[in-house]
Amino acid sequence: MLVPLLLAACAPSATTPSTSSGTRTGLKGPLPTGETWTISGLDQNNNKISGKVKLSGGPTYRDGDRRWDYDGDNGYILYYEKDGGSSTFRVWDVSDPKRLVACYIFRPFDAAQKTYTGAGLAGTQEEISAVFAKLSGTGTVLTGGNCTVTRE
């Protein structure tokens, strides 16, 4: 089954997000640290994807966009708070700069849940940026593959 991706405002960074003004550290965010998050499934071109990120420390909170940034050994997780319980998160494995791997989860985190399904995305920074540029402001729907994230 193919998953539509509406990702125009979600362009990634090939490195862990940096801190700047309007950020806070030392807080306990919604995701547990120390766990390993494994990505599997298909990307936007229906090619196989896999990745793994172990969260290594406490998050940074960005006030401006209500986002929690979690650093990991091979990547990072971005958790976006939204009103009405519609929070989302993205798991990024950036261990190979020639093939960044992400799974976009369009539902909030639930501590009792170990597996999540979402939309997969992969490629170089330039390829992923091109996908977002194509989608930006056009209302275009990108059809891509399903991905699964499992936390252990």
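The values are calculated or read from the model by the stated rules, or taken from the named source; none is laboratory data. Because the structure is predicted, anything quoted here is derived from the model rather than measured. All Cβ positions, even for glycine, are placed from backbone atoms using ideal geometry, and neighbour counts span all protein chains on display.
Table: residues versus (1) more than 11 Å from Gln44 (Cβ to Cβ); (2) touching a residue at least 40 places away in the same chain (Cβ under 8 Å).
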site: Asp83; (1), (2): yes, no
site: Lys98; (1), (2): yes, no
site: Ile105; (1), (2): yes, yes
site: Phe109; (1), (2): yes, yes
site: Gly123; (1), (2): no, yes
site: Glu126; (1), (2): yes, no
site: Cys147; (1), (2): no, yes
site: Arg151; (1), (2): yes, yes
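With respect to (1) surrounded by 13 or more Cβ atoms within 10 Å (Cβ to Cβ); (2) modelled with pLDDT of 85 or more; (3) within 23 Å of Asn146 (Cα to Cα), the lone exception for Lys98 is condition (1). Tyr76 meets each of the listed conditions (1) over 24 Å from Gly22 (Cα atoms); (2) crowded, with 19+ Cβ neighbours inside 10 Å apart from (1). For beta carbons closer than 8 Å, sequence separation of 6+ or different chains, a first residue in region 40-53 that is under 18 Å from Arg151 (Cα atoms) and a second that is polar (S, T, N, Q) and in a loop (DSSP other than H, G, I, E, B), the qualifying pairs are Gly51/Asn74; Gly51/Ser95; Lys52/Asn74; Val53/Asn74. Each residue in region 66-114 was checked for being part of a strand (DSSP E or B) and polar (S, T, N, Q), and 1 of them qualify.
Given Ile105, Ile128, Ile49, which one is hydrophobic (A, V, I, L, M, F, W, C) and more than 26 Å from Gly22 (Cβ to Cβ)? It would help to see each step written out before you state the result.
Working: Ile105 fails: more than 26 Å from Gly22 (Cβ to Cβ); Ile128 fails: more than 26 Å from Gly22 (Cβ to Cβ).
Exactly one residue qualifies, and that residue is Ile49.
Each residue in region 48-80 was checked for being more than 17 Å from Ser95 (Cβ to Cβ) and more than 13 Å from the chain's Cα centre (by Cα), and 10 of them qualify. Of everything listed in (1) in contact with a Ser or Thr (Cβ under 6 Å, 6 or more places away or on another chain); (2) at pLDDT 85 or above, the single unmet condition for Thr19 is (2).
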